[in-house]
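Have a look at the structure below, then the notes.
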Amino acid sequence: MNVKLSPSWTLTTEHAASSYGQPVLVHRTDGVAFGPGDIVKPYPSYGYMTAAAAVQRLAKTARLGVKGKALVGRFKLLGD
């Protein structure tokens, strides 16, 4: 499953870095995948943050259906 969070970022279970259905955040330009605890800078105007925080922030403005919201919900740090 793929969820386009922005023109630059996709949350997916179809990337090679995804394992056992766990989604990864993928930068669409270069295909680099990030797990929830990885540090990313989603856009130049954003500061550095965990990929989990970036997904939550990007999801606020993305048009997500029920399945997209569920995928976003699965992308979080252990213990959250």
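Tabulated data for the structure shown
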| item | result |
| --- | --- |
| Karplus-derived HN-Hα couplings along the range 5-15 (A = 6.51, B = -1.76, C = 1.60, θ = phi - 60°), whole Hz, x at Gly and Pro | 8, 6, x, 9, 10, 10, 9, 8, 10, 9, 8 |
| Options N2, G21, A62, ranked by Cα towards positive dipole end of the chain, top entry (Cβ charges) | A62 |
| Karplus (6.51, -1.76, 1.60) ³J(HN,Hα), θ = phi - 60°, over the range 24-38, in Hz, Gly and Pro reported as x | 10, 8, 10, 6, 5, 5, 10, x, 6, 9, 10, x, x, x, 6 |
| Volume per residue of the C-alpha convex hull in the chain, rounded to whole Å³ | 89 Å³ |
| Estimated FRET transfer efficiency (M1, R57; beta-carbon r; R0 22 Å; 0.05) | 0.60 |
| Computed [θ] at 222 nm, deg cm²/dmol, the chain (DSSP H ≥ 4; -39,500 (n - 2.57); rounded to nearest 500) | -6500 deg cm²/dmol |
| Estimated distance in nm for a label pair at S8 and R74, the labels positioned 7 Å out from Cα along Cα-to-Cβ | 2.6 nm |
| Amide H contacts under 5 Å for V32, placed H, 5+ residues apart | H27 |
| Cut-off under 5 Å, modelled amide H: who pairs with W9 long-range | R28 |
| Alpha-carbon radius of gyration plus Dmax, which is the widest Cα pair, for the range 40-80 in Å | 10.8, 30 |
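Quick note: the coordinates plus some simple rules give every number you see, no bench work behind them. Keep in mind that what you see is a predicted model, and the values were worked out from it rather than measured. Backbone-built Cβ (ideal geometry, glycine too); neighbour counts: all protein chains shown.
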